[in-house]
Amino acid sequence: MAASSASRAGAAFQQALALHRQSRLEEARIQCQKALRLQPRHCKALQLLGTIALQSNDPARALELLGSALQIDPESASAHNDRGNALSRLHHSAAAIASYDKAIALKPDFADAYYNRGNEQLSLRELAAALASYDQAIAHKSDHADAYINRGNALLGLERHEAAIESYERAIELKSGYADAWYNRGMALQALGRHESAIASHERAIALRPDYAAAFNQRGKAYDALGRYEAALASYDEAIALRADYAEALYNRGVALSALKQYEAAVSSYERAIALHAEHPLAYNNRGAALFELKQYAAALASYDRALALKPDYAGTHYNRGHLLHELSQFDAAIASYERAIALTADYAEAHYARGVALARLGRHETALASYDRALALKPEMPLLYGMRLLSRLQICNWVDLDADVARLATLIERGEPASGPFAVLSVSDSPALQLRSAQLLVRERFAVNHALGPASKHSREQRIRIGYFSADLHNHATLHLMAGMFEMHDRSCFECTAFSFGVPSQDGLRERAQAGLERFIDVRHRSDQQVAMMARELRIDIAVDLKGFTEGNRTGIFALRAAPLQVSYLGYPGSMGAPYIDYLIADRAVIPDSARRHYSERIIYLPDSYQVNDDRRPIADDSLTRERCGLPHSGFVYCCFNSPYKILPGTFGSWMRILGRVPGSVLWLLADNAAAERNLRREALERGVDPGRLVFAPRLPSALHLARHRLADLFLDTFPCNAHTTASDALWAGLPVLTGRGEGFAARVASSLLGAVALPELIVSTPAQYEESAVALAQDSRRLAGIRQRLAAGLRSAPLFDTRLTTRHLEAAYVQMYERYQADFAPEDMDVRGE
């Protein structure tokens, strides 16, 4: 009878095994139970029931059954292995590894036990131990494809990427249809930066498993790394179509959309990721970055703060938060955020650089230089860093090894590195070719053509030409000192003028004049570049005039989107923007001679007289200012230069000191900008044998008083290679002659243009020697200088430079000419505007 029960139990168990091999788990379970009814201590039936329970997602029951089997046969290596699998499923890792170790002790060639132990060690990130386990599994079973793939995963975690690829390829040799091996191989190739090969590997995985959402996601990341954002987006969309709750793919989709500057869609994608995974700090961080680009600063700040609540030690979010605070002009708070990022990641080059920029905005240039130097040591190739560092040095007149720095900057730009914005270049170099190259590199780096809005539609001819003026400086600023009168004098019967203001509002008299003088004055600070460009299109702006160029606070991205059919650079930036979307540059033949024409990418509109408009209503205070009140000697010749310190270079300063040395009792009256510059200039004077007390520094004053004090000086000495611009017009308007040197670039010829428009060409020289001789000769020939001053005063009101109505008509004629070419479907071309 016993033998018969055992025989029937054995038969039932064999049937259970056969059914199990066919994955008919419920039928196999029934046969195991039958075997146990016939033979309650049937160890193998208990073990198989445990395996079926594990496959049925009931690891607790499996553990119980396997424990019963081991009570019957504690030497069963396979039961210990299966018990380890159950413990692993219950997340009892240490006990699982102990079970695998027991299985291996009982059966040293047990390949699957080594493999399973490796898997548990891999889950614990015990990568070296896992690798050793997989090697043992393969040593005992050389065709163990799964061991090869997971061995590759351990090697990937150890950053042994080439070895990982070899392991995945061995798995593929053993099992060519192994989608996971192709997928993981792609991951290793991505880690090595071999993104094209990675894409091919992911595509093999997808071909083998068309519903492989993770492979679509990783393929998208490889496309991302190659800058193929449209392809990346399509790949993420396929991943999400397969798994609607795929938070990582939604996050990555947001990254691609941000790269495509589709920020609103990016925000939506990040928010979908967050809805699925509420504690996703990177999604909050990147959502903040997209909101920042949309100028939704309050929402962006809240997003960054949420990211930091989830991950306080994420340096990238502290950096981004600082960038936002910087944009809000909260520079001290921005610096605090940058410093937190640096405290977390000491070698965070971008944070050191950004801290330097914020410090510079606060006028703390010496401290800024330390930040720039640290960034330069960490990442010398960082875009714009070299130029920003140079500008801070110039602002404090720190000229140590300046020639070497300028030469290095030129070398970097000539070999195609965007080491500096063009503004720094024109401050130190008179090469229009170098200025153009730096502008083109900046456009490539930061302001490439953006097709998000598509081409601008053709405007039909209307009665009035619609002009849009774009600036951050429509307040008490040099730009409006020059342009307020022009805004008031536009012919409204022919022109409809709109201002797009993106600077911090300051309700002063000049802003009020601009608001009254223009038909529309729109504050677009909190609108994205795309929104502003779209608004300009909706208003059917015919000609968009950029009054900023590459000066601080520019919004060049608006023009990259093509805000209007015709786009023009005027007044704010003295050089070429090197951008294919800027059609015209308004200039004159003094600032852009034929010999330099090839160094400007735009078509040139040549105004008669001077390109620079001026406001003939600028008041000069009727104040009894005296030399004594201004710290000047009662007698003696007063040279002055109220240019910013960054324009004062060693060559110019050397000329000034030689001039003072030849004119006894003379002084040099400069603008007081920062203490470091004053200290350095006094030291430089002493080193050149000039008493530092002969340098007098003038504090900043309201415009009318500032203009009035010019009358206390005898001669304005210009700087080179970046001339006085508005400051030269200030001097001339106040009746003070300006002596200038003429160079090759636009910025080095501005004062020449202004002097030509007040009929004082004799104050334009070509060499430093002529500059010095003229400055000395004018000091020594009081009659000649008095004659120049009298001519300037007598002709001031009739001079083209200060005839606001005349220059406005010239500008309007330029607008008409470019508009007529556009209406006739002619491409932009160089044009001369005829004088009245």
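The values are calculated or read from the model by the stated rules, or taken from the named source; none is laboratory data. All values derive from a computational prediction rather than experimental measurement. FYI the Cβ positions are ideal-geometry reconstructions off the backbone, even for glycines, and counts take in every protein chain you see. Calculation scope for accessible area: heavy atoms of the full protein, side chains included, ligands and nucleic acids excluded. Shrake-Rupley method; radii C 1.70, N 1.55, O 1.52, S 1.80 Å.
Below is a table of values for the structure above.
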| item | result |
| --- | --- |
| Filtered residues of region 765-799 (kept if over 14 Å from THR740 (Cα atoms), in contact (Cβ under 8 Å) with a residue 40 or more places away in the chain and either assigned to a loop (DSSP other than H, G, I, E, B) or open to solvent by less than 90 Å² (accessible area, probe 1.4 Å) (or both)) | ALA779, LEU785, ILE788, ARG789, LEU792, ALA793, LEU796, ARG797, ALA799 |
| Residue ID - least open to solvent (accessible area, probe 1.4 Å), chosen from residues in region 167-211 that are modelled with pLDDT of 95 or more and of a type in the set (Phe, Trp, Tyr) | TYR168 |
| Residue match in region 321-336 (condition: modelled with pLDDT of 95 or more, open to solvent by 50 Å² or more (accessible area, probe 1.4 Å) and farther than 22 Å from ARG525 by Cβ) | yes |
| Wholly enclosed helices (runs of 4 or more DSSP H) of region 1-113 bearing at least 3 residues within 28 Å of ILE138 (Cβ to Cβ) | 2-21, 43-55, 59-72, 77-89, 93-106 |
| Helices (runs of 4 or more DSSP H) (entirely within region 383-480) containing at least 3 residues that are without any contact (Cβ under 8 Å) to a residue 12 or more places away in the chain | 402-414 |
| Test: residue in region 261-278 that is in contact (Cβ under 8 Å) with a residue 12 or more places away in the chain, under 19 Å from GLY227 (Cα atoms) and outside any helix (DSSP H, G or I) | yes |
| Some residue of region 129-151 being without any contact (Cβ under 8 Å) to a residue 24 or more places away in the chain, assigned to a helix (DSSP H, G or I) and within 28 Å of GLU196 (Cβ to Cβ) | no |
| Hits in region 1-26 (condition: closer than 17 Å to LEU54 by Cβ and free of Cβ contacts under 8 Å to residues at least 12 places away in the same chain) | ARG21, SER23, ARG24, GLU26 |
| Only one of PHE470, PHE495 that is within 27 Å of ALA266 (Cβ to Cβ) and open to solvent by less than 70 Å² (accessible area, probe 1.4 Å) | PHE470 |
| Within region 702-758, considering residues that are open to solvent by 10 Å² or more (accessible area, probe 1.4 Å) and of a type in the set (Phe, Trp, Tyr), the one farthest from ARG617 (Cα to Cα) | PHE720 |
| Subset of region 652-677 [open to solvent by 50 Å² or more (accessible area, probe 1.4 Å), part of a helix (DSSP H, G or I) and touching a helix residue (DSSP H, G or I) at 6+ places or on another chain (Cβ under 8 Å)] | ARG658, ARG662 |
| Hits in region 348-382 (condition: under 18 Å from the mean Cα position of the chain (by Cα), part of a loop (DSSP other than H, G, I, E, B) and touching a residue at least 12 places away in the same chain (Cβ under 8 Å)) | TYR348, LYS379, GLU381, MET382 |
| Enumeration of residues in region 810-831 that are touching a residue at least 60 places away in the same chain (Cβ under 8 Å) and either at positive phi or open to solvent by 20 Å² or more (accessible area, probe 1.4 Å) (or both) | VAL816, GLN817, TYR822, GLN823, PRO828, GLU829, ASP830, MET831 |
| Top-ranked residue in region 494-532 [being under 14 Å from ASP473 (Cβ atoms) and of a type in the set (Ser, Thr, Tyr); ranked as modelled with the lowest pLDDT] | SER506 |
| Failed item in (1) modelled with pLDDT under 90; (2) over 13 Å from ASP82 (Cβ atoms), with LEU49 passing the rest | (2) |
| Where GLY485 falls short, out of the listed (1) in contact with an Asp or Glu (Cβ under 9 Å, 6 or more places away or on another chain); (2) farther than 18 Å from ILE582 by Cβ; (3) of a type outside the set (Asp, Glu); (4) open to solvent by 50 Å² or more (accessible area, probe 1.4 Å) | (4) |
| Qualifying residue in region 542-554 (condition: at pLDDT 95 or above, under 20 Å from SER457 (Cβ atoms) and surrounded by fewer than 22 Cβ atoms within 10 Å (Cβ to Cβ)) | no |
| Residue in region 54-69 that is more than 60 Å from the chain's Cα centre (by Cα), free of Cβ contacts under 8 Å to residues at least 24 places away in the same chain and open to solvent by 20 Å² or more (accessible area, probe 1.4 Å) present | yes |
